[in-house]
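The values are calculated or read from the model by the stated rules, or taken from the named source; none is laboratory data. These figures come from a predicted structure and were not determined experimentally. Each accessible area value is taken on the protein alone, full model and side chains, heavy atoms only, with ligands, DNA and RNA left out. Shrake-Rupley method; radii C 1.70, N 1.55, O 1.52, S 1.80 Å.
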Amino acid sequence: MTSSENVTIVTGMTLRDQFAIAALQGMSSQALELIKSKIMSGQSTDDWCREMVRICYTIADEMLKAREG
C-alpha cells in the first residue's frame with residue numbers, strides 16, 4: 001500500500017472492490033447497530049453479513065455502469 005497525503009492506493013484491488021468498500025463504509029454505522037442487536041439476541045450474523053456484501057457489490061456494479069455513461 002502506498003500513501004500520498006490523503007490518497008491511498010491499495011494494490012491488488014479493482015475499482016469494483018474500491019466502490020464496494022465505499023458502499024460498505026457508508027452503510028457501516030447503521031449496520032453496526034443491527035449486528036449488535038443480533039449478537040445480543042444470540043442470532044447468527046453470517047447470513048446477514050453475506051447479504052450486506054452482496055448489496056455492496058451490487059452498488060459497486062451500478063457505480064461502474066454510471067461511469068460508462
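Using Cα-Cα distances under 8 Å and only pairs 6 or more residues apart, what relative contact order does the chain have, in percent?
Averaging sequence separation for qualifying contacts and normalising by length gives 40 percent for the chain.
Per residue, how much accessible surface does the chain expose to a 1.4 Å probe? Answer in Å², no decimals.
79
For the chain, how big is the tail of P(r) above 17 Å, as a whole percent of Cα pairs?
Tail fraction, whole percent: 55.
Helix 15-40 versus the longest principal axis of the chain: what is the Cα-based angle in degrees, 0 to 90, to the nearest 10?
Long axis of 15-40 versus the principal axis of the chain: about 10 degrees.
Could you tell me how many degrees, from 0 to 90 and to the nearest 10, lie between the Cα long axis of helix 46-68 and the main elongation axis, the longest principal axis, of the Cα atoms of the chain?
30
Work out how much length residue 30 to residue 58 would gain on full extension: take 0.36 nm times their residue separation and subtract the Cα-Cα distance, in nm to one decimal.
Length difference between fully extended and current span is 8.2 nm.
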